[in-house]
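The values are calculated or read from the model by the stated rules, or taken from the named source; none is laboratory data. Predicted, not measured: the structure shown is a model, and the values here were computed from it. Here the Cβ positions follow ideal geometry from the backbone for every residue, glycine too, while neighbour counts run over all protein chains shown. Calculation scope for accessible area: heavy atoms of the full protein, side chains included, ligands and nucleic acids excluded. Shrake-Rupley method; radii C 1.70, N 1.55, O 1.52, S 1.80 Å.
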Amino acid sequence: MEPQQEQAKLERFLQWLQVNRVELRGCQIKYCDFSKGYGIFSTNDASDGILLVVPLDLAITPMRVLQDPALGPECRVMFEEGEVDDRFLLVLFLTVERLRKNSSWKPYLDMLPNTFSNPLWFTNDELLELKGTTLLRATELQKKKLQSLYEDKVKSLVKKLLILDGDSESEVSFEDFLWANSVFWSRALNIPLPHAYVFPQSQEGQDCGTSSLNDTSDEKIEFINVKDEKRAASTTLPIQGETVWVEGLVPGIDFCNHGLKPAATWEVDRTGSIAGVPYSMYLLAAESNSGTEKEISISYGNKGNEELLYLYGFVMDDNPDDYLMVHYPVEAFQSAPFFDTKAQLIEAQKGEMRCLLPKSLLAHGFFQVNTQQKERDDKITAGQVCNYSWSGQRKIPSYVNKLVFPDDFLTVLRTIAMTEDQLFQVSSLLQELVANGEERQPSDTEVRAAIWEVCGDSGALQLLVDLLNTKMMDLEEGTGSEDADDELLNNAQVKKMPESCISGWCH
């Protein structure tokens with residue numbers, strides 16, 4: 001798009017923000033270039049450090065979708081019957097609004113990217129570059145799931161909603177749905193709102209609606225950990241006192257790029273005592289402006305490069321939060337002998353099927369660095385663990401406080417590696433707990449102790465070695481030998497990634 005067109009689009013958006021009572025106090029939104037898109041930059045030193053204020057009435061949330069004159073009635077029926085969840089509502093809303101001819105959201109939607117650089121948008125040749133990583137399989141599964149969802153539900157539903165809105169000509173495509181999905185996952189924030197704001201009481205004193213956040217394990221795949229400042233996902237809608245966390249898009253705030261040293265944070269002002277606007281979100285500078293114009297970044301959370309690429313379409317050089325993920329494949333576990341029994345034991349132990357090992361933790365291999373203080377802490381910990389096994393006869397292994405692999409993961413491997421005879425022995429030990437007539441279930445600690453007593457770590461460590469060997473072979477197959485890598489780096493003309501796609505997301 002020509003610079004004049006970009007400027008005209010930006011001016012329409014700024015007018016739209018002004019009409020909707022958004023206040024740019026100490027910042028401006030600027031178009032940078034084709035590769036970087038838009039960003040937020042400081043202008044002058046706001047006396048209170050508040051750079052931007054957005055009324056939460058402007059946020060695109062599930063409540064807004066249900067209250068929409070055109071979409072609301074149909075969506076509310078599906079929502080109350082459990083056919084759709086919060087996130088689906090938002091993606092559906094974005095898909096429909098993109099196609100609406102006279103959408104009131106057009107100035108905002110026009111500012112968003114038309115395509116994205118996350119792997120869901122990769123060509124087949126580009127996907128081959130992910131071979132040997134967890135990201136490739138995750139991308140393939142997610143795209144297949146989205147295509148199925150589009151064909152089974154979205155396509156006909158969007159068409160129906162457009163017809164109800166008086167538009168029988170517009171045609172929806174899978175790319176429209178993929179675009180809306182990418183907009184949501186790359187821009188949504190988890191917003192803390194007052195309970196009364198989310199669930200306004202009717203005259204009879206009943207809540208007008210309910211909500212249930214979708215489980216993130218399917219949608220965001222297993223290598224992604226999203227409990228961070230940008231979004232803290234949950235399997236339920238957590239209510240902390242009078243606070244309800246609701247996912248939504250906040251126009252204006254969402255143009256902040258990611259930075260390792262964020263220049264600002266966002267906060268919610270319920271009463272207007274801070275920003276002067278009740279029920280608003282404001283951008284607060286981390287430090288006073290030196291007088292020079294600089295980009296205002298926020299933190300998207302401590303994410304590794306796989307996660308950054310999957311969600312936002314960029315990676316970071318020397319990312320301090322990069323990690324190695326080791327996991328036991330769900331498909332392999334489901335086909336293992338005695339799957340149902342072992343799955344129940346893993347759930348009882350609150351085990352984890354995968355672990356994330358930060359790059360900094362692996363600087364010295366799979367064993368932690370031993371220092372005098374660390375050794376003293378290990379001795380204290382070992383002295384406290386007097387019942388590591390059921391009977392106390394199986395001694396605490398010397399490596400228990402040295403391995404970087406957490407016990408929540410190792411106990412899963414112990415369980416998966418159990419033989420039929422070992423399962424029977426564990427069952428017998430646990431039955432001793434209820435032999436005296438007590439009606440209770442064994443605690444997670446008791447189940448772990450019983451499994452450790454019977455199995456030890458022999459089977460678990462062998463599984464761990466197999467997993468690490470498999471991961472190394474996958475990476476070797478995907479990237480070639482080290483000699484081949486060196487030759488490629490020395491001889492090939494490597495295309496440098498745009499700076500914007502290294503340091504932050506292209507908005």
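Between E242 and Q18, what is 0.36 nm times their sequence separation minus the Cα-Cα distance? Round to one decimal in nm.
Answer, rounded to one decimal: 77.6 nm.
Tally Lys/Arg at +1 and Asp/Glu at -1 over every other residue whose Cβ is under 15 Å from the Cβ of P406; what's the total?
Here the count lands on 0.
What is the extension gain from E74 to S458, computed as 0.36 nm multiplied by their sequence separation minus the C-alpha to C-alpha distance, in nm to one decimal?
132.6 nm
Report the local net charge at C75: Lys and Arg +1, Asp and Glu -1, summed over other residues whose C-beta lies under 12 Å from its C-beta.
-4
Quick one: of K402/K471; K303/K350; K261/K294; K101/K159; K350/K402, which pairs are farther than 20 Å apart, Cα to Cα?
Cα-Cα > 20 Å for K402/K471; K303/K350; K350/K402; rest within.
Provide the FRET efficiency to the nearest 0.05 for the E140-E347 pair, computing r from the beta carbons and using R0 = 25 Å.
0.35
Using R₀ = 35 Å, calculate the FRET efficiency as 1/(1 + (r/R₀)^6) where r is the Cβ-Cβ separation of L468 and S156; round to 0.05.
Once rounded, the FRET efficiency stands at 0.15.
What FRET efficiency, computed as 1/(1 + (r/R0)^6) with R0 = 30 Å and r the Cβ-Cβ distance, is obtained for N114 and S360, rounded to the nearest 0.05?
0.20
For A332 and V434, calculate 0.36 nm times their separation in residues minus their Cα-Cα distance, and state this gained length in nm to one decimal.
That pair, A332 and V434, stretches by 33.4 nm at full extension.
From a point 7 Å beyond the Cα of S170 in the direction of its Cβ, which residues of the stretch 75-103 have a backbone N at a distance under 17 Å?
From the stretch 75-103, the list is 75, 89-103.
Run the accessible area of the stretch 18-140 with a 1.4 Å probe and give the carbon-and-sulfur part as a rounded percent.
49
Testing the spin-label approximation: label points 7 Å from Cα along Cα→Cβ at K101 and Q5. State their distance in nm.
Reported label-point gap for K101 and Q5 is 2.2 nm.
So which of K106/K155; K30/K145; K145/K359 end up more than 29 Å apart by C-alpha?
Beyond 29 Å: K30/K145; K145/K359.
How far is it, in nm, from the label point at E420 to the one at C32 when both lie 7 Å from their Cα along the line to the Cβ?
6.2
Counting heavy atoms of the protein chains only and a 1.4 Å probe, report the per residue accessible area for the stretch 1-87 as a whole number of Å².
With all protein chains present, the stretch 1-87 gives 50 Å² per residue.
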